[in-house]
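Reviewing the structure listed below.
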Amino acid sequence: MRRAYYAEVAGRYWNRSVTEAEIDEGLVDFPDEGLLPPTGQFVVGRLGGAPLACGGIRLLDPLTAELTKVYVDPRTRGTGGGAALLEVLEEEARSLGAERVRLDTRSDLVEARALYARHGYVEIPAYNSGPYAEHWFEKPLV
């Protein structure tokens, strides 16, 4: 799932298909730090047993969690999988003690931005300076 996520976000950014070597390099350059307990969690969503969605949550501070690596396979977008994934990730954030969730995303990821807006995330000022961050969102969990 991480490979599919990276292939899509990198391919959209570069406006071309990415090679397996580029995916390998991207996974090394952008590791999934903090996505394991006790600081986070990485989840995989399945439909009919097939992995078709994924996402991670990690603590930025004791009360703030961050969504990252959120991906829904294009073949299943619009089926409610994205909403279900967000619900699980938000529950994971609550279980870590978070009272709010933040995320950053790019302008070209319009489907992601629409998903977040539909589920109560509002744009906020920049909270980080990530190289690909162009929009920042937050949602209270309490």
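The values are calculated or read from the model by the stated rules, or taken from the named source; none is laboratory data. Keep in mind it's a predicted model, so treat the numbers as computed, not measured. In this analysis, Cβ positions are derived from the backbone assuming ideal geometry, glycine residues included, and neighbour counts consider all displayed protein chains. What goes into the accessible areas is simple: the full protein's heavy atoms, side chains included, and nothing from ligands, DNA or RNA. Shrake-Rupley method; radii C 1.70, N 1.55, O 1.52, S 1.80 Å.
A few points about this structure:
- On Cα atoms only, tilt of 20-29 relative to the major axis of the chain in degrees: 30
- Derived scalar couplings ³J(HN,Hα) [region 66-77; Karplus, 6.51 cos²θ - 1.76 cosθ + 1.60; whole Hz; x for Gly, Pro]: 10, 7, 7, 6, 7, 8, 10, 3, x, 5, 10, 5
- Listed values (1) 13, 48, 35, 4; (2) 11, 43, 38, 7, 0; (3) 14, 45, 32, 9, 0, entry calculated as P(r) over Cα pairs in 10 Å bins from 0, in percent: (2)
- Relative contact order, percent, the chain [alpha-carbon distance under 8 Å, six or more residues apart]: 18
- Within the chain, helix-based [θ] at 222 nm, where runs of 4 or more DSSP H residues each add -39,500 (n - 2.57), nearest 500: -10000 deg cm²/dmol
- For region 31-56 and region 74-142, distance of Cα centres in Å: 14
- Accessible area per residue for the chain, computed on protein heavy atoms with a 1.4 Å probe, is 54 Å².
- Förster radius 22 Å - calculated FRET efficiency between E123 and R77 (Cβ-Cβ, nearest 0.05): 0.50
- Extents of region 1-42, largest first, come to 37, 15, 14 Å (Cα atoms, principal axes, whole angstrom).
- Simple rule: put +1 on each Lys or Arg Cβ and -1 on each Asp or Glu Cβ in region 11-102, find the dipole, and look at T79, T64, Y13; the Cα lying farthest toward the positive end is T79.
- Low-density loop cleavage sites - GluC sites (Glu not before Pro) in region 25-72, where at most 15 other Cβ are within 10 Å (DSSP): E33
- Taking chymotrypsin sites (Phe, Trp or Tyr not before Pro) across region 102-136, the ones in a DSSP loop with at most 15 further Cβ atoms lying within 10 angstrom of their Cβ are Y132.
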